[in-house]
Amino acid sequence: MDAEWNDRGVEGCWRFLNRVWRLLQNNLDRFRSDWADKLDPTKLNSQESALRRKLHQTIKKVTEDVEDRFHFNTAISAIMELTRAISQFEEEGKFDKDSQSAFVFSEAIERMIMLLSPFVPHLAEELWHDIGREESIYQQRWPEYDEEALSLEKITIVIQVNGKVRASIEVSSELGREQIEEIALGVDRVQKWIAGKEVKNIIHVPNKLINIVIA
């Protein structure tokens, strides 16, 4: 479509690519080329899981935007959001030599370069070699997203009956208050204590516990 030219668009892209360049160059010593063999999704903390979920959501969106919809602007926007998430993780994460943080960070860095490659081929190729890869980035398979990594974050809710712990449940962080309380009331170990009794009140501490008060 016809559009009025605006130099600010070029400036914004330039700033973004410089941010990507600095992020890579400042963290080359943290990149682990063996991340694929060492990363264990079952051992990730909430911060690590959040970055990995953001990465695979981005892979899915960029793949669909480019291959199915030809929406290049939204694909690039998604990569920008991913870059911000990686930068924030880099500032807050713990990077011990063999920590899962290092492996999650390395996966995100490598995949981000691959997602950028159709849009900035020369820069992507140079960054690819900077992280120690010898073959051209264009000899690699396009990254695939992990369905399990896309799943919503789970939270553990402790269930009390009259102040005493009786059970716990793991639910999606996206569920509403009423949905979580309904699940809690239906748990077998909870039913054992409330069956035939009047539920006078439900005290709900978000993301932590539910205390069912019975007569």
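Every number in this text was worked out from the coordinates using simple rules, so none of it is lab data. Model, not experiment: these values are computed from the prediction. Cβ atoms come from the backbone with ideal geometry, glycine included; neighbour counts cover every protein chain shown.
Worth pointing out:
- In terms of distances greater than 21 angstrom between alpha carbons, the cross-link table entries K61/K208; K164/K192; K164/K200 yield K61/K208.
- Measuring gaps between exposed loop sites in the chain (trypsin sites (Lys or Arg not before Pro); DSSP loop; at most 12 other Cβ atoms within 10 Å), the longest gap, sites not included, is 1-93.
- Estimated distance in nm for a label pair at F31 and M80, the labels positioned 7 Å out from Cα along Cα-to-Cβ: 2.4
- Longest site-free stretch - the chain; sites: GluC sites (Glu not before Pro), DSSP loop, at most 13 other Cβ within 10 Å: 5-133
- For the chain, calculated [θ]222 nm from helices alone, where every DSSP H run of n ≥ 4 adds -39500 (n - 2.57): -16000 deg cm²/dmol
- Overall Cα dimensions of the chain - principal axes, largest extent first, Å: 70, 48, 28
- Structure remark: mean-square fluctuation, Gaussian network model of the chain, C-alpha springs under 10 Å; the largest value among I86, I202, I180 belongs to I202.
- Backbone N under 17 Å from the L123 label point (7 Å along Cα→Cβ), restricted to the range 49-84: 72-84
- Where labels lie 7 Å past Cα in the beta-carbon direction, separation of E147 and R15 in nm: 4.0
- Reciprocal of mean inverse Cα separation for the range 154-214 (Kirkwood radius, Å): 11.3
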